[in-house]
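All of the numbers you see were taken from the coordinates with simple rules; none came from a lab. These figures come from a predicted structure and were not determined experimentally. Note: ideal-geometry Cβ built from the backbone for every residue, glycine included; neighbour counts use all protein chains shown.
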Amino acid sequence: METKKTSNKKVVLGLIALVAVIAVLGIAYAVFGPKTTEGAKAITIEVIDNEQKSEVYELNTDAEYLRQALEEAKAVGLTVTGTESEYGLTIITVNGVTADFNVDSAYWSITVNGEYGMLGADSQPVTDGDEFQLVYTVY
Amino acid sequence: MDTGLKMKKRQFFAGWEVTPKDIALIGMMIAVIEVCKRALDFLPNVELVTFWVIMFTLFLGKKAVYGVIGFVLIEGLVFGFHVWWIMYLYIWPALVVITLIFRKNESALFWAIISGLFGFLFGAAGSIPYIFIGTMDGGLGNGFYTAFSWWITGIPWDFIHGIANFVIMLVLYMPIRKVMKMMQ
């Protein structure tokens, strides 16, 4: 009888220990575990259109190149369309504003952290903290 | 020296001799553990090693540690002597010791709890070698950070391990214990 009682006590203590360990593991993982919902790089994309109106989009992304980041930015309201060339995407229309070089010598230029971009959207790398601008530019 | 302590010391050092029957049983123990481990290798962290180490310790007593040493050596020879192997060196013998402490218990639920706890804490116990690896790389602080990160990343796997261990023991304890008692 006494042994049975001791055994039951051990089972109850064991169950308490088990619940405690599960709770500690769950809390530790919730607090310190990897957060995978957001992209690792925080960037901004500013659009300056033909009327010099500015619109800024903030984005958390894992994109390696600007092209992918622009596509992901659809989720925050940015729409970019264009034509494909051997150099990748040539941006033609941003948020409904079209820059057609053949019609009015206008194009969408890309600036990276305030500098005129030397690369197209497909080859422009994205790093954390980058500030991109898509600027309606007349040649 | 205190008489009680003397007796405990005598108890610890006695009974390690191995008979031909023990050799056969320990060989069987290693074979059973290895076969079951390989059979379940396709399911990450679902294993019968914990179950068998506990059951064989209840059956063979402290001599089960010989079987555990054999199993750990075979694992190293087959899969290579990596960091996890260092962890195996203490984690499985520790399970034998834990089982010996509670060996008088006959409740399936109790052993399921022990087995489950062992699974849930496997990652935490296994992170200890990373304290030393991290320390060699960048001091004691880095050592603890490395071990902590390693443990945290593996927590979802510890959950699978703990739940699987609990269920396996709860289901298999009674039938296997019955067979083992018949053999004794």
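Tabulated results
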{"item": "Spatial extent of the range A:41-138: Rg and Dmax, with the Cα atoms as the point set, Å", "result": "12.3, 37"}
{"item": "Cα convex hull of the range B:89-184 - mean projected area over all directions, nm²", "result": "7.0"}
{"item": "Loop-located trypsin sites (Lys or Arg not before Pro) in the range A:38-85 whose Cβ has at most 16 other Cβ within 10 Å (DSSP)", "result": "A:Lys53"}
{"item": "B:Leu73, B:Leu140 arranged by Cβ crowding within 10 Å, fewest neighbours leading", "result": "B:Leu140, B:Leu73"}
{"item": "Neighbourhood net charge (15 Å Cβ-Cβ; Lys/Arg +1, Asp/Glu -1) for B:Val171", "result": "+1"}
{"item": "C-alpha long axis of helix A:2-32 to longest principal axis of chain A, angle in °", "result": "10"}
{"item": "Gap separating the Cα centres of the range B:1-75 and the range A:86-101, nearest whole Å", "result": "71"}
{"item": "Rel. contact order, % - alpha carbon contacts under 8 angstrom, at least six apart, the range A:61-139", "result": "31"}
{"item": "Three principal axis lengths of the protein assembly as shown [C-alpha, angstrom, descending]", "result": "100, 43, 41"}
{"item": "Theoretical ellipticity at 222 nm over chain A - DSSP helices of four or more residues, -39500 (n - 2.57) apiece, nearest 500", "result": "-9500 deg cm²/dmol"}
{"item": "Ranked B:Asp137, A:Asp62, criterion: other C-beta atoms within 10 Å, fewest first", "result": "B:Asp137, A:Asp62"}
{"item": "Volume per residue of the C-alpha convex hull in the range B:19-183, rounded to whole Å³", "result": "118"}
{"item": "The range A:55-94: GluC sites (Glu not before Pro) in DSSP loop, at most 15 other beta carbons within 10 Å", "result": "A:Glu64, A:Glu86"}
{"item": "Estimated dipole of chain B in Debye, rounded to 20 [Cβ of Lys and Arg +1, of Asp and Glu -1, Cα centre]", "result": "860"}
{"item": "Exposure proxy order (Cβ contacts within 10 Å, fewest to most) of B:Trp151, B:Trp157", "result": "B:Trp157, B:Trp151"}
{"item": "Charged-residue dipole, Cβ positions (Lys, Arg, Asp, Glu), the range B:14-68 about Cα centre, Debye nearest 20", "result": "80"}
{"item": "Normalised contact order of chain B, rounded percent, pairs of Cα under 8 Å and 6 or more residues apart", "result": "23"}
{"item": "Neighbour count of at most 14 Cβ within 10 Å plus DSSP loop: longest trypsin sites (Lys or Arg not before Pro)-free window in chain B", "result": "B:1-102"}
